[in-house]
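Report on one structure; see the data block that follows.
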Amino acid sequence: MTLLDAAAAATPPRERKPVLEIRDLSVDYGYDQNAVHALQGVDLTLHAGEVLGLAGESGCGKSTLAYAATRLLPPPGVITGGSVTFTSARDGHGGDLLRMNDAELRAQRWRDTAIVFQGAMNSLNPVYTVGRQLVDGILAHKPRTRDAREQARARALELLEMVGIPKDRLGSYPHQLSGGMRQRVMIAMALALEPEIVIMDEPTTALDVVMQRQIVEQIMQLKDELGFSVIFITHDVSLLLELADRIAIMYAGRIVEDASSEEVYKMPRHPYTAGLLHSFPPLRGPKRDLAGIPGSPPDLVNLPTGCKFHPRCPYAFDECKLTDPALGPTRFGAAEPERQVACLLNDERVAPGPIPLELGVRPEGDRIA
Amino acid sequence: MKFLIRRVIFYVITAWAAVTLNFFIPRLLPGDPVQSLINKYQGRLSTDAIQSLYVLFGLDEKSSLWDDYVKYWTGLFKGDFGISFTYFPTPVSEVISQSLPWTLLLVGISTVLGFILGTLAGVGLGWRRGTWADGLLPVANFFSAIPYFWLGLIAISLFAVIIPIFPASGGYEGGLIPDFSADFIGSAIYHGILPALTIVISSIAGWILSMRNMMVTVSSEDYVTVAQAKGLSERKVMFGYAARNAVLPSISGFALSLGFIVGGTLVTEMVFSYPGIGFTLFQAISSKDYPLMQGIFLIITLSVLVANMVADFAYAVLDPRTRQEG
C-alpha cells in the first residue's frame, strides 16, 4: 500500500456511524483535593465496525478509560464529568451510560458492550464450571421462559465451538483449562449476546507470543464474521499497527493523538507518538536505530505545567511550559480532517517555526512552508 | 472417588492414634482414684475399706498394660466405657448420653447461628466497604476481645440478677423431669437463651471480621468485575461470585469450631452451671474419674475428627480446585 492509498483509506467517503461517543470524560482516584486526575477531558469516538486501538505507556490511563466508559471503575475511582453515549448501529437504541439507572445499566451491559479483561487467569470464577458462567450471563438478559436455560446451554456450546474449544469442556472448571483456553472462553463469553462493542483490555498480555497471535487472529476473524466494533487496549503499538483501523495515543490521562493506524505509523504528528514508534524495530523496511523516549512517564500526583509531555519532548519550546494543548486539528488543517493531535507545534499562532521534519511528513512528500 | 477413599483412610488412622493416646494419657497421670478417695476422707478409711475399694474399681488385678489396652478396645466396640467412679455405679456411657445432648443443642445451635449471622453480616459489610457500615467493625472487635467468662458473668449479673428476666443457672426448672413435654422443652429453651446469646455474641465478631476481609479481597478479583460487566443482578454477583469464594477460608474455621462444640464449652457450662459435657468433664477431672475422663476425651476427639472430615468434604464440594485427581 502506498502512502497515497493510505491517505485515501483514512478519509473514507462512506458515512461512519458512531456507536460509542466519549465526551470530556474525567476520572479521579481519591475523593479530596489530593485526588489523582487519572483522566482529563478525554474525547473519543468509536464507529460501527471499527477497530480502535488505545495505546500508551503503563499508567497513562488506558484501562481507566475502559473501566470508566463502562462504569466498572473500582473505588476509589470516581467519574467527575463527561458523557459516554452509546447509539446502536442496528436499531438506534442507546443513551448516556453515565446517566443510566442501575437497571438500565445492567440491561445495557454485555448486551451492547462486552469486555475481555487483562487477566486471563482471574477472569473466570474458580468455583463455577465454564458452562455455568457462560449460561448465567446469557440468562441475565433473556426473559424467563421455560426453555430459556436449555437455549442458553445450546448457545454456550455453540460459542465454545466458535472459539475452537471442544464441547465437552463446558463442564470443566477454569483451573482445568490452559491460559489460552481460558482467554478463548472469555472471548466466547463476551460474544454470547452478540454485542455491538467489545472492549479488549490487553487480552493477550498474560499469554505467550504464539498464543497471542492465535488469539488476536481469532478476534479479528470473529469481528469480520459478526461485525462488532472493538476498542483494543494495549501498550504494544506494533500489534495495534497491524490490527487497528484507528489508533488513539494516550499520555498522562489525555489523548494526544487520534488518527488512522497507517497515518500514525507513517506520519506521526505528536512528538510522543514519534517517540513510541522509535521504541520498537520497524515492521517493514530498513532497520533504524531504536531511540525510545527519554525520562519516565509523569507522576499523576505531580503533573508538570502546560503540556504534560514537555519535560521529555525534544521539540519543546517556551510556550509548552505554559499552555496545555487541547486535542484539535493538525497543522495541515483541512487537508487532514480525520486527524486530531494535542501539540502546540500544530498551532501556527504559537509554534516557533515550521513543524519539524519528522512530525510533518505528508503523503505527497510536501511540507508546509 | 480416590480422593474420598484416601481421606477416609487418613481419618481411620488418626482415630486409632487418638484412641490409643486417650488410653495411655490418664494412666500416665500420678495417683489413682482410691488415693483421691482416701484424700477426700482425710484418712478416715480403714485399710480393709481401701482394699475393698481397689477390688470394687477393679484395680486389684495387676493386669498388663497390653491386656488393658485390648480390653479397652473390645469395650469400645460394645459401647462400654466402664463404670464411672464419681457417679458409681452408673456406666460412663449413660453419664455421657445424659450430658451430651445438652451441650450439642445449646452450643451446636448457637455456634451455627453465630457463624451464619456473622458470615452474612460480613458479606454485607465487605460488599459495602467504605460506607457507614464500616463503623460497626470496632463494635464487633470490642465484643470479640472480651474474655468469654467475663461476658458470661456480666450477662448473668445484668439479666439474671439486676433485671431478673432469665434464670442464672441450670438447664431446666428444678422440679421438672426431663421428657418431651411442652413444659420441659419450654423450660429448657428459656434456660438456654442467656448462655446461647453470650456464645453467639462472643463468636459472631470473629466471623464478621474474617468474612468482611475476605469479601474486600475477593471483590477486587477480576471475575467479580466480569460478573458486574455481564450485567448480572447485584445479588447474584454478591453471593454467587464474591461471597461464594470469600466463604471458603471461613469453612475450615467453622468446621473446627464445630469440633470444639463438645470440648470447648467448659467455661460456658461452668459459668452457667449448665448440665452439659464440659461440666461433667470438669467434675471427672477433679475426682480423678478415669473411665469418665476417657469416655469424654474420646467423644471430644472423635467429634473433632468428624468435624474435620466434614470440613474436608465440604471443601471438596465447594471448591473444585481441592478435588485432586489421580
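Structure data summary
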item	result
Conditions (1) open to solvent by 40 Å² or more (accessible area, probe 1.4 Å); (2) not in a loop (DSSP other than H, G, I, E, B); number of the one not met by residue A:315	(2)
Test set (1) surrounded by 22 or more Cβ atoms within 10 Å (Cβ to Cβ); (2) within 12 Å of chain A (Cβ to nearest Cβ); (3) hydroxyl-bearing (Ser, Thr, Tyr) - residue B:198 fails condition number	(2)
Tally of residues being within 15 Å of residue A:272 (Cα to Cα), of a type in the set (D, E, K, R) and modelled with pLDDT of 85 or more across region A:320-369	1
Single unsatisfied condition, residue B:207 versus (1) in a helix (DSSP H, G or I); (2) within 14 Å of chain A (Cβ to nearest Cβ); (3) modelled with pLDDT of 90 or more; (4) open to solvent by less than 50 Å² (accessible area, probe 1.4 Å)	(2)
Boolean, residue B:40 is at pLDDT below 85, surrounded by fewer than 15 Cβ atoms within 10 Å (Cβ to Cβ) and more than 30 Å from residue B:169 (Cβ to Cβ)	no
Any hit, region A:100-108, residues being more than 14 Å from every other protein chain (Cβ to nearest Cβ) and either at positive phi or in contact (Cβ under 8 Å) with a residue 12 or more places away in the chain (or both)	no
Qualifying residue in region B:223-241 (condition: away from chain A (no Cβ under 14 Å) and either assigned to a helix (DSSP H, G or I) or farther than 30 Å from residue B:125 by Cα (or both))	no
Hits in region B:129-148 - residues which are open to solvent by less than 70 Å² (accessible area, probe 1.4 Å) and assigned to a helix (DSSP H, G or I)	B:133, B:134, B:135, B:137, B:140, B:144, B:148
Of all residues making up region A:326-344, the number that are open to solvent by less than 20 Å² (accessible area, probe 1.4 Å), over 23 Å from residue A:245 (Cβ atoms) and outside any helix (DSSP H, G or I)	0
Residue check, residue A:223 more than 13 Å from the chain's Cα centre (by Cα) and either open to solvent by less than 20 Å² (accessible area, probe 1.4 Å) or touching a residue at least 40 places away in the same chain (Cβ under 8 Å) (or both)	yes
Sole residue being crowded, with 20+ Cβ neighbours inside 10 Å, touching a Lys or Arg at 6+ places or on another chain (Cβ under 7 Å) and more than 14 Å from chain B (Cβ to nearest Cβ), chosen from A:39, A:52, A:44, A:65	A:52
Qualifying residue in region A:89-98 (condition: under 27 Å from residue A:36 (Cα atoms), away from chain B (no Cβ under 14 Å) and open to solvent by 20 Å² or more (accessible area, probe 1.4 Å))	yes
Helices (runs of 4 or more DSSP H) (entirely within region A:165-265) containing at least 1 residues that are of a type in the set (Lys, Arg)	A:179-190, A:209-226
Residue match in region B:103-112 (condition: out of contact with any helix residue (DSSP H, G or I) (no Cβ under 9 Å at 6 or more places or on another chain), in a helix (DSSP H, G or I) and of a type outside the set (A, V, I, L, M))	no
Test: residue A:131 is out of contact with any strand residue (DSSP E or B) (no Cβ under 8 Å at 6 or more places or on another chain), open to solvent by less than 10 Å² (accessible area, probe 1.4 Å), under 30 Å from residue A:57 (Cβ atoms) and more than 11 Å from every other protein chain (Cβ to nearest Cβ)	no
Qualifying residue in region B:252-264 (condition: among the β-branched types (Val, Ile, Thr), more than 7 Å from chain A (Cβ to nearest Cβ), over 22 Å from residue A:101 (Cβ atoms) and surrounded by fewer than 19 Cβ atoms within 10 Å (Cβ to Cβ))	no
Among (1) surrounded by fewer than 16 Cβ atoms within 10 Å (Cβ to Cβ); (2) modelled with pLDDT of 85 or more; (3) within 14 Å of chain A (Cβ to nearest Cβ) - the single one residue B:282 does not satisfy	(3)
Selection within region A:136-164 - within 17 Å of residue A:195 (Cβ to Cβ), more than 10 Å from chain B (Cβ to nearest Cβ) and outside any loop (DSSP other than H, G, I, E, B)	A:152, A:155, A:156, A:158, A:159, A:162
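The values are calculated or read from the model by the stated rules, or taken from the named source; none is laboratory data. Keep in mind that what you see is a predicted model, and the values were worked out from it rather than measured. When we count neighbours, we look across all protein chains shown, and the Cβ atoms used for this are built from the backbone with ideal geometry, even at glycine. Keep in mind that these areas ignore ligands, DNA and RNA; they rest on the heavy atoms of the full protein, side chains included. Shrake-Rupley method; radii C 1.70, N 1.55, O 1.52, S 1.80 Å.
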